[in-house]
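First comes the structure, then the notes that go with it.
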Amino acid sequence: QVQLVESGGGFVQPGGSLRLSCAASGSIFSSATMAWYRQAPGKQRELVARIFRVGSTDYADSVKGRFTISRDNAKYTVYLQMNSLKPEDTAVYYCNARLTLQTFWGQGTQVTVSS
């Protein structure tokens, strides 16, 4: 069983920054596409950013230029650097690992952006 453990969420003022981390157990990490999703109250879960095995990335339009996803295969960890945060970024952020036939989710970490 693969476990994904997120950390780094919290409370920040608009314009601030946070860095989320997701540590994966098991050896599947280097084979997986890793992603961050988020879910705000009353809304559907949405893709924020993803990074493929070879390191290419893509982002939701709403976070382009502000968020950066990266991965460290040696540490089995994926990161999400979030800059210029806005109140509309407030949500629970989930780490996701996708293999050919399996998908795994973390438990989520709360990010709150408010003045």
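Tabulated results
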item	result
Set of lysines with alpha-carbon distance to Lys86 below 19 Å, sequence-local pairs under 8 removed	Lys43, Lys64
Under 15 Å, Cβ to Cβ, from Val54 - net charge with Lys/Arg +1 and Asp/Glu -1	+2
Length-normalised contact order of the chain in % [C-alpha pairs under 8 Å, at least 6 apart]	36 percent
Gain upon complete extension [Thr103, Arg66; 0.36 nm per residue less C-alpha separation]	10.7 nm
Neighbour net charge for Met34 - beta-carbon separation under 11 angstrom, K R +1, D E -1	+3
The chain, dipole about Cα centre (Lys/Arg Cβ +1, Asp/Glu Cβ -1), debye to the nearest 20	120 debye
Point-to-point label distance, Ser7-Ile28, nm (Cα→Cβ direction, 7 Å offset)	2.2 nm
Among Met82, Val92, Gln3 - extreme Cα towards positive end, dipole of the chain, charges at beta-carbon	Gln3
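Read the figures in this text as sums done on the coordinates, not as results from a lab. Note that this is a predicted model, so its numbers are computed, not measured. Glycine also receives a Cβ, built like all others from the backbone with ideal geometry; neighbour counts cover every protein chain displayed.
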